[in-house]
Amino acid sequence: MSSDGLFDIPETPASTGTGSGSLSGNSHASAPLAVRMRPRSLDELVGQQHLLAPGSPLRQMIDGNQPLTILLWGPPGTGKTTIASLLSAHTDRRFVEVSAVSAGVKEVRETIAGARRALAQSGVETVLFVDEVHRFSKSQQDALLPGVENRWVSLVAATTENPHFSVISPLLSRSLLLTLESLTDDDIGVLVDRALTDERGLAGRVTLTDEARSHLVRLAGGDGRRVLTYLEAAAGAATSQGKPEIDVEDAALAVDRAAVRYDRQGDQHYDVISAFIKSIRGSDVDAALHYLARMIEAGEDPRFIARRLMIHASEDIGMADPTALPLATATAQAVAMIGFPEARIPLAQAVIHLAAAPKSNAVIVAIDAAIADVRAGKVGAVPPALRDAHYAGAKKLGHGHDYQYPHHDPRGVVGQQYAPDDVDGTTYFEPGEHGFEARLAERLAVIRAILRDR
């Protein structure tokens, strides 16, 4: 049978090595480069080494025909569909793919029923691949449960969304969750080099300059499908001009992105991030946004940018604007959850806020001064009144004796010694005159006067 969103489901088992789903038969010359270069075995899979160890669930399912229910969670272009393709090509079981974009509950139930019939009539198991399973409604996901519970199907479901939020608990609890990671620059480079020479790919018809290769790898953002799409377009741009080599201009033209000089392990990386932070420190909002844009366009890791913003929020702003650090932290969380391209928006918001905020380095000066005293040996005994008095015999040692509870004083502060004798009366934190620290300075002056009037 067939229906919209559901590929043909034969009632007889697929032949070994061919499968029966939509992922087979895509090696024709007009297929996209990313499809033609799809790995033919787990050994050709790039990245995800943590999932490929001998005896791993993936190897059991693909090499050993073990029935399993697997959830593949990871960013786009990391190999989820490739793994399904390997299941299609290297299994004696029927392979059926359901589109979560267009299939309904009826189609899902019919698929499960077909798998149950095949198992009962001929003993042949079915692998059911559901791409973008997070797009399934709760009722559609519920329809998968009988097949999973009774092992009528081995379910392989792929998602780019966090399955703890997008997959129903009964299905999640019955599945083995495998997390795929973004490909590294080295992984992406392997894909590019392989596609240039492989007969299924460009078969050596064009070469690639080092600068163009770096540009494509940088813009891939850890997405293997994306870099092969870029490479195919760049190759087309070069060959249309009769050029045997893809240069950086071809690469930039193909992806409609200017080639930004930026090496994530080289001078540009350190120079640009240095200028970025110094622009924020100098309160130049526009310069800071310029350097942020350069990093975004160069494919810099947004988590790295967010981490630097969190550091800056304490190091260069501190208590002058106590909202700076919570904002930077929230930005880091947002970036981790949404990724590029949307992550550019909270990053820009944080940059504008931090650059426009009043500045103070009083926090870092204070903690470094305190650490310097500790390293210099100023680590005297804790005053007896502050020592732990919650165990038998503590009072006989004088622990907690004469401790004054601040909440009993109407001012909320009492004059007693908190620091060891070696540093008693030492001032580490000196608030500045900008932003909230100006008000904090007045309050601290009153507090310190009470504390030291003993």
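Cα centroids of the range 79-106 and the range 170-223: how far apart, whole angstrom?
Comparing the Cα centres of the range 79-106 and the range 170-223, I get a distance of 21 Å.
In terms of modelled amide H atoms, which long-range or inter-chain residues lie less than 5 Å from the amide H of Leu208?
Distant-sequence amide H within range of Leu208: Ile246.
Helix-derived [θ] at 222 nm for the chain: sum -39500 (n - 2.57) over DSSP H runs of at least 4, divide by residue count, nearest 500? Intermediate values should be presented prior to the final figure.
Numbers: 18 runs with 206 residues, N = 454.
Dividing the helical sum by the residues of the chain leaves -14000 deg cm²/dmol.
Relative to the longest principal axis of the C-alpha atoms of the chain, give the angle of the C-alpha long axis of helix 344-356, reported between 0 and 90° and rounded to the nearest 10°.
With both axes taken from Cα atoms, the answer is about 20 degrees.
In whole Hz and in residue order, list the ³J(HN,Hα) couplings for the range 278-294 that follow from phi through the Karplus curve 6.51 cos²θ - 1.76 cosθ + 1.60, θ = phi - 60°; x for Gly and Pro.
Karplus values, whole Hz, x for Gly and Pro: 5, 5, 5, 4, x, 6, 8, 4, 5, 5, 4, 5, 4, 5, 4, 4, 4.
By count of other Cβ within 10 Å, fewest leading, how are Tyr405, Tyr291 ordered?
Numbers: Tyr405 7, Tyr291 22.
Result, fewest neighbours first: Tyr405, Tyr291.
Over the chain, calculate the relative contact order: mean separation of alpha carbon pairs under 8 Å at least 6 apart, over the residue count, as a percent. Don't skip to the answer; put the middle values down first.
Numbers: 722 pairs, mean separation 50.4, N = 454.
Normalised by residue count, the contact order of the chain is 11 percent.
Taking H placed 1.01 Å from N in the peptide plane, check which residues at least 5 places from Ile70 or on another chain put their amide H under 5 Å from its amide H.
Leu155, Val156, Ala157, Leu176
As a test of understanding, state the convex hull volume per residue of the range 33-179 from its alpha carbons, in Å³.
On the way: hull volume 15.4 nm³, N = 147.
Dividing the Cα hull volume of the range 33-179 by its residue count gives 105 Å³.
Of all DSSP beta bridges in the chain, what percent run antiparallel (nearest 5)?
Values: 2 of 23 bridges.
Rounded to the nearest five, the antiparallel share is 10 percent.
Once phi is turned into θ = phi - 60°, what whole-Hz ³J(HN,Hα) does the Karplus curve with 6.51, -1.76 and 1.60 give for every residue of the range 33-46, x standing for Gly and Pro?
In residue order, the calculated couplings are 4, 4, 6, 4, 8, 4, x, 9, 8, 4, 5, 8, 5, 9 Hz.
I'd like the distance separating the alpha-carbon centroids of the range 407-422 and the range 228-255, in whole Å.
When both Cα centres are located, 72 Å separates them.
Quick one: which residues, 5 or more positions from Trp152 or on another chain, have an amide H under 5 Å from its amide H? H modelled 1.01 Å from N in the peptide plane, none for Pro or chain starts.
Distant-sequence amide H within range of Trp152: zero hits.
Determine, for the chain, the count of lysine pairs separated by eight or more sequence positions (or lying on different chains) whose alpha-carbon distance falls under 26 Å. List each step's numbers first, then the result.
Details: Lys80/Lys106; Lys80/Lys138; Lys106/Lys138; Lys278/Lys359.
Lysine pairs meeting the criterion: 4.
For the charge dipole of the chain, defined by +1 on Lys and Arg C-beta atoms and -1 on Asp and Glu C-beta atoms about the Cα centroid, which residue among Thr331, Leu386, Ile83 has the Cα displaced farthest towards the positive pole?
Leu386
Can you give the extra length, in nm with one decimal, that the chain gains between Ala356 and Ser240 once fully stretched, where that is 0.36 nm per residue apart less the Cα-Cα distance?
Result for the pair: 36.9 nm of gain on full extension.
Which ³J(HN,Hα) values in Hz, rounded to whole numbers, follow from the phi angles of the range 297-313 under the Karplus curve 6.51 cos²θ - 1.76 cosθ + 1.60, where θ = phi - 60° and Gly and Pro get x?
Per-residue couplings from phi come out as 5, 7, x, 4, 5, x, 5, 5, 4, 5, 5, 5, 5, 5, 4, 4, 4 Hz.
Hey, fewest Cβ within 10 Å first, where do Phe129, Phe136 land in order? Please list the in-between numbers first.
Working: Phe129 30, Phe136 26.
Least to most surrounded, the residues fall as Phe136, Phe129.
If you put +1 on each Lys and Arg Cβ and -1 on each Asp and Glu Cβ, how big is the dipole of the chain around its Cα centre, in Debye rounded to 20? Before the final figure, lay out the partial values.
Working: 45 positive and 57 negative charges, 238 e Å.
Magnitude of the dipole: close to 1140 debye.
Near Gly236, within a Cβ-to-Cβ distance under 13 Å, what is the net charge of the other residues, with Lys and Arg +1 and Asp and Glu -1?
Once positives and negatives cancel, what remains is 0.
Sorted from largest down, what three extents in whole angstroms do the Cα atoms of the range 267-356 have along their principal axes?
Over the range 267-356, Cα extents along the principal axes are 33, 28, 19 Å.
Using only the alpha-carbon atoms, how far is helix 362-375 inclined from the longest principal axis of the chain? Give it as 0 to 90 degrees, nearest 10.
80
With only alpha-carbon pairs counted, each pair once and no self-pairs, how large is the Kirkwood hydrodynamic radius of the chain in angstroms? Mind dumping the intermediate values first?
Working: mean 1/r = 0.0371 Å⁻¹.
Final number for the Kirkwood radius of the chain is 26.9 Å.
Could you give the angle, 0 to 90 degrees to the nearest 10, between helix 436-451's Cα long axis and the longest principal axis of the Cα atoms of the chain?
Tilt relative to the chain: about 50 degrees.
Putting +1 on Lys and Arg Cβ atoms and -1 on Asp and Glu Cβ atoms, find which of Ala441, Gly55, Ala143 reaches farthest to the positive end of the dipole of the chain.
Towards the positive end, the residue furthest out is Ala143.
Hey, fewest Cβ within 10 Å first, where do Phe436, Phe276 land in order? Write out the running numbers ahead of the final one.
Values: Phe436 20, Phe276 24.
Placing the least packed residue first, the sequence is Phe436, Phe276.
For Val105 and Val365, FRET efficiency with R0 = 51 Å and r from the beta-carbon atoms, rounded to 0.05? Intermediate values should be presented prior to the final figure.
Values: r = 63 Å, r/R0 = 1.24.
The pair Val365/Val105 has a calculated efficiency of 0.20.
We did not get these values from a lab; they are worked out from the coordinates using the rules stated. A quick note: this is a predicted structure, and the numbers were derived from the prediction, not measured. When we count neighbours, we look across all protein chains shown, and the Cβ atoms used for this are built from the backbone with ideal geometry, even at glycine.
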